[in-house]
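The values are calculated or read from the model by the stated rules, or taken from the named source; none is laboratory data. The model shown is predicted, which means the values in this text are computed figures rather than measured ones. Every residue, glycine among them, receives a Cβ derived from its backbone with ideal geometry; neighbour counts consider all protein chains shown.
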Amino acid sequence: MTDPINGGDVKPSLRPVPELPAQLTALFPIVIFGTVAWLAGFVVLAIHDWGRGGPASVWLWTCLAGVVISIIGMGIMTWQRAAARRGSRSAQRGI
């Protein structure tokens, strides 16, 4: 059965999509920026809460948790990159 609208002589005009530059797909700078932002928030809140003498705010501990989780994430990213360079089949590619 032939398509009455498009005959068989129509060629697709789609071109292959080029790969994105490495600067746009690199995750490490984004993680470092986020870690620095969490650390800056922690420092600002620590200075703010220092003179009060009371218990530290929830935001202070949230910023500290953000720094710790970011450092753990950077360790996992480094570990996965090393595994990918080694040629491990279970390593994630592109991170």
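At-a-glance table
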item: Tabulated pairs, the stretch 69-88, first under 16 Å from Pro29 (Cβ atoms) and surrounded by 14 or more Cβ atoms within 10 Å (Cβ to Cβ), second modelled with pLDDT of 90 or more and small (Gly, Ala, Ser), C-beta under 7 angstrom, 6+ apart or interchain; result: Ser70/Gly34
item: Criterion (over 13 Å from the mean Cα position of the chain (by Cα), surrounded by 10 or more Cβ atoms within 10 Å (Cβ to Cβ), of a type in the set (Gly, Ala, Ser) and modelled with pLDDT of 75 or more) met by exactly one of Ala22, Ala37; result: Ala37
